[in-house]
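J.: Got a structure for you, questions after.
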Amino acid sequence: MGTHRPFRLQRVWVLLAILLAASASLLALAAQQDARSPLAEARLRGERFEQAVSAMRRVLQVWLTHADSRTLLLPDRVPGPGNGLPPGDSSRVYTPHNSGADLYP
């Protein structure tokens, strides 16, 4: 009877080691699949889309402050440094090919 007990104890330790190794493998596999899951990818793409739309909306709102009050057409250039209109120049030139239409949702 005494010979069966160490054999059972050894078998329990082997089974525990196998279960522990299998659990670690399954956890690693689950973490890897979660990072690549379609839901996680869709969530990331949705967040990026929201950031892009938010930036576009801010730019559009600033440009609309310069829009013609009657037609709402956007001018080619606004006053400011760089390629902007010189101080005091209030000319409002509109050309269809440079209308800022890409800002409208």
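Each reported figure results from applying straightforward, stated rules to the coordinates on display, with no laboratory input. The structure displayed is predicted, hence computed values, not measured ones.
J.: For Ala42 and Thr71, compute 0.36 nm times the residue count separating them, minus their Cα-Cα distance, and round to one decimal in nm.
T.: Gain on stretching Ala42 to Thr71: 6.5 nm.
J.: Something else: Would you mind calculating the gained length between Ile18 and Arg58 on full extension (0.36 nm times residue separation, minus the Cα-Cα distance), in nm to one decimal?
T.: 8.7 nm
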